[in-house]
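Following: one structure in structure tokens, then a few remarks.
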Amino acid sequence: MVQIDLHGGVGEIGGNKFLVIGDVSKILLDFGMSLGLRGQYFSEPFLAPRDQHGMITLGILPDIPDLYRDGADAPLDGVVLSHAHIDHAMCISLLNRKIPVYCGETTLTILRALSEVRQKGFENDLDGIDFKTFRTGDKIDFGKIQLEPVHVDHSIPGSYGFVVHSSSGSIAYSGDFRAHGSKSSLTQDFVAVAGKSQPQLFMCEGTNLVRGDLRTEQEVLEKSDHVVKKTRGLVLANFSTADIDRLRTFHEIAKSNDRILAVSMKQAYLLRALATDKNLEIPDVRSDPHIVVYQRSKKTYYHWEKDILAATKVKTSKDIRETQDKTILASTSYDMNEVLDIKPGPGGAFINSSSEPFNEEMEIDHSRFINWLDHFGLPMYQIHSSGHMMPTELRETIASVRPKRLIPIHTEQPELYRLFINDLAKVELGTLGSTIEV
Ligand SMILES: [Zn+2]
């Protein structure tokens, strides 16, 4: 018999941690940080966690003996990552180094590059981790459990879903996925493999059940292109560092509007790391005529920053101020001090191309950010295509996979999920810390 301990990712968005316990082996599907729970207790920089012990006591991390860095023997056979987003992967920094971490090759490249550019600390430390990479078509044996990774499309490259073959039948795990992205055929491949395995159980994400917005990447391109065409001044564009599809979209828009896309040093570092992966069709940050790197003004630069500044074409706030009508500046709400230096002239625009706020903390950040835009006289356009399945896509997917049972994961509204699809599969609502028998 196989059982699954739900250590995170049920009744919440992110924090996925699903321990699959087979007859002779155990694997953990994702080891993400529950940002919601963590945010209930901690707020950087004044109140930050010191180590895993406090977070275990507070119930932010599961209390599994020997799971963490100070553990003796490995209590499980592997941690398997679906993709590199922090709500799926961040906790590997805390992991007992005797436990191998399995992930896709692109995920490993992203994890390493982002770890390099983020502040070091016990929650960002990949030293000594025994990484093992997989690709679609592989089957990895863990005792009587066999893991079959299959690529999916999501808002970060190199994402996977899994089919776990076990003595109790197969279990499908969606990770995070979408069917309306530019590489939806990847998701179709996963759905086909999952359906063919006639799963007993489907652990399926439902992030967008309460805010469906069917916009494709192509529509993001067309709408943003329209805004940029009509804008005479500086265009600021906010999108996630690792959302390579979106970066490609704004690069296209820059080209067709005779502008230059100025990316952050972080983005440039990641782009360079991913450049060797030909499948990703990434513009070359060192030689592309429509990409430059924005140099934040600061007294000293980290080693990786010096490295990227030396290897690329660089623009400062003064350069951007003089070429506002020729620039799309990739910028987040944390870059507003830089925008003060740039001094946007009249007629500019801010395109918000990441998800809208969906919790209280994000609302507070958002209203603070609006103060900045008001100060600069920059109107905001919300133009985004989600990394997650839309409700209609979920129903189609579940109808194709035809699981006997389904556990909603990565959603704050699992009850809604039950009503929405209970004609397609028997829905079970798992609670945090509970166990599901397969
Ligand atoms: Zn994700």
task = Can you tell me the equivalent ellipsoid semi-axes for the chain? Use √(5λ) from the Cα gyration tensor, largest first, whole Å.
result = 38, 24, 20
message = Can you give me the C-alpha center-to-center distance between segment 260-281 and segment 386-422, rounded to a whole angstrom?
response = 33
ask   = Separation between the S434 and D141 pseudo-spin-labels, each 7 Å from Cα along Cα→Cβ, expressed in nm?
value = 3.6
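From the square roots a ≥ b ≥ c of the eigenvalues of the alpha-carbon gyration tensor of segment 217-382, which class results: rounded (a/c under 1.5), prolate (a/b over b/c), or oblate? Can you show the working numbers first?
Details: a/c = 1.33, a/b = 1.22, b/c = 1.09.
In terms of gyration-tensor shape, rounded.
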task = Give a quick list of trypsin sites (Lys or Arg not before Pro) in segment 333-438 that DSSP marks as loop, anything other than H, G, I, E or B, with at most 13 other Cβ atoms within 10 Å.
result = K404
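Suppose only helical runs count, i.e. DSSP H with n ≥ 4. What mean residue ellipticity at 222 nm does that imply for the chain under -39500 (n - 2.57) per run, divided by all residues and rounded to the nearest 500 deg cm²/dmol?
-9000 deg cm²/dmol
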inquiry  = Can you return the lysines within cross-link range of K278? Criterion is Cα-Cα under 16 Å, with same-chain partners fewer than 8 residues away left out.
reply    = K183
query = Taking segment 1-99, which trypsin sites (Lys or Arg not before Pro) meet the DSSP loop condition and have no more than 12 other C-beta atoms within 10 Å?
reply = R50
task = Calculate the spin-label point distance for S43 paired with T133, positioning each point 7 Å from the Cα along the beta-carbon direction, and give it in nanometres.
result = 4.1
query = Could you name the lysines in cross-link range of K426, using Cα to Cα under 27 Å and dropping any fewer than eight places away on the same chain?
reply = K17, K26, K144, K196, K404
key: Residues whose placed amide H lies under 5 Å from that of S386, excluding near-sequence neighbours   = R215
ask   = Taking N as the number of residues in segment 285-414, what value does Rg over Cα atoms divided by 2.2 N^0.38 Å take?
value = 1.45
query = Which of S224, Q198, L214 sits farthest toward the positive end of the charge dipole of segment 165-275, with +1 on the Cβ of Lys and Arg and -1 on the Cβ of Asp and Glu?
reply = S224
note = Checked against the positive end of the charge dipole of segment 217-382 (+1 on Cβ of Lys and Arg, -1 on Cβ of Asp and Glu, about the Cα centre), the farthest of Y269, N238, T316 is T316
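Quick note: the coordinates plus some simple rules give every number you see, no bench work behind them. The structure displayed is predicted, hence computed values, not measured ones. Every residue, glycine among them, receives a Cβ derived from its backbone with ideal geometry; neighbour counts consider all protein chains shown.
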